[in-house]
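The structure appears below as C-alpha cells.
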Amino acid sequence: MTGIIVLLVALVAALIVGAVLRSRSGAVRAVTPGASRPGGDPLPIDPLLSAFGVGAGDAPMVLHLSAQWCGPCSAVRRVAEQVVDHFSTVGDDRPVPRDVEVDIDDNPALAKKLGVLSLPTTFVFDAAGVERFRVSGVPKVADLTAALAPLRCPEDSLS
C-alpha cells in the first residue's frame, strides 16, 4: 500500500512539474536591464556579445541559440524570420530588427555567459545591447513581435 501511495505522489509531482514547464515554454519573459555604473552609465557590452553584433547599429536584435541536433530550433528560426520580415514590410522609418542565430556547439562560451540551460533559447536585445527579453522554447510570432515593437524606436523603448 505504501508503494502505491509513493507512486501516486511521484506521479502527481511529475504532472505538476510538467505543467509548470509547459506553461513557461515559449513565453516571452521581460528581463530587468543589466547593472549600470554609478552615474547611470551602462556597463560596456561583453566582448562575446559584441562579436555577434549585439549593441552595434540602431536596431534591436533577436539572438537565438540553437544547434544542429535541436529539432525545435528550426521553428524558432522560422518565427524570428517571419517577425523580422514583418517589420521590414511595415514601411516606416524605424530600424528593422536584426536576426542572428548562434550554434552553441561552436560557441559554448556564449551559452555559458548568457546562462543558457536548454535549447532553443532566444534573447531580445535593444539597440544599446541591453538584454530586454528571454524566451525558452519556441516563441509565438505575436509575442515576439510585441516584444520588439517598442524597441524599434529609442524614445519609445522600455525604461
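Please name all residue pairs, on different chains or six or more residues apart, with Cβ atoms under 8 Å, provided the first residue is in the stretch 47-72 and is touching a residue at least 24 places away in the same chain (Cβ under 8 Å) and among the β-branched types (Val, Ile, Thr) and the second residue is buried (at least 19 other Cβ atoms within 10 Å of the Cβ) and part of a loop (DSSP other than H, G, I, E, B).
Val54/Gly129; Val62/Pro97
Can you tell me which of Ala75, Ala149, Ala142 is part of a helix (DSSP H, G or I), closer than 16 Å to Asp58 by Cβ and hydrophobic (A, V, I, L, M, F, W, C)?
Step by step, each of Ala75, Ala149, Ala142 is checked, and only Ala149 is part of a helix (DSSP H, G or I), closer than 16 Å to Asp58 by Cβ and hydrophobic (A, V, I, L, M, F, W, C).
Would you tally the residues in the stretch 104-136 being in a strand (DSSP E or B) and surrounded by fewer than 16 Cβ atoms within 10 Å (Cβ to Cβ)?
Residues of the stretch 104-136 that are in a strand (DSSP E or B), as a first pass: 121-125, 131-136.
Still in the list and also surrounded by fewer than 16 Cβ atoms within 10 Å (Cβ to Cβ): none.
Qualifying residue count for the region: 0.
Take the conditions more than 13 Å from the chain's Cα centre (by Cα), over 17 Å from Ala147 (Cβ atoms), at pLDDT 90 or above and surrounded by fewer than 17 Cβ atoms within 10 Å (Cβ to Cβ) and apply them to Gly39. Does it pass?
So Gly39 does not fit the description; no.
The values are calculated or read from the model by the stated rules, or taken from the named source; none is laboratory data. This one's a predicted model, so the numbers in the text were calculated from it and none came from an experiment. As a convention, Cβ positions derive from the backbone with ideal geometry for all residues, glycine included, and neighbour counts pool all protein chains shown.
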